[in-house]
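The values are calculated or read from the model by the stated rules, or taken from the named source; none is laboratory data. Keep in mind that this is a model prediction, so the values were computed, not measured. Here the Cβ positions follow ideal geometry from the backbone for every residue, glycine too, while neighbour counts run over all protein chains shown. Heads up: the accessible areas ignore ligands, DNA and RNA and are worked out on the full protein's heavy atoms, side chains in. Shrake-Rupley method; radii C 1.70, N 1.55, O 1.52, S 1.80 Å.
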Amino acid sequence: AREAVELLRASGIGTGVVTNQSGVARELISTADVRRVNERVDELLGPFDVWAVCPHGPDDGCRCRKPEPGMILWAAGRICTAPADIVVIGDIGADMEAARRAGAHGILVPTPVTRPEETAAADHVAPDLLTAARAVLTGPPLGHDLAGERPAEAARATGTERPAPERAGRRT
């Protein structure tokens, strides 16, 4: 994760986290617990440009909880970027659906919790976070399977790595 985030930052692309934390609504964790975890993540990976946390439960009917688009739209506003210039990298179908509803791009990085039907339904799938980050640098994903992305070093060596987005300013 550190390499992926550093690659994006080095290219002038903003980074953010949008996360459902229903444990708060279920009183399994406190908002202070969530804040401490987020601070630790910032210590390990460097500070993110924006954090968006939904503390609501699945049945609360809020507009921020993924797959609703609220957090993505809020995060886009915080970094002054149009949703169409945002790329959401996530590991479940709700992440991809939230991106779609917000008008953003989505790249699914399957993990053991990702259901096969979520992978099949995703517009773009990368085998790992670093591949997804590299896909962000090369422009909008062109196909479903992003496994063929070039290593970042090869992109830099050939001078074909895309510069920071001019039309958007930053992405998350």
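Protein-only accessible surface at a 1.4 angstrom probe places the residues 51, 74 in the order 74, 51, largest first. Here region 44-97 is assigned +1 on the Cβ of each Lys and Arg and -1 on the Cβ of each Asp and Glu. Its dipole about the Cα centre then comes out at about 160 debye. Averaged over residues, the count of other Cβ atoms within 10 Å places the peptides 101-109, 37-45, 123-131, 2-10 in the sequence 101-109, 123-131, 2-10, 37-45, highest first.
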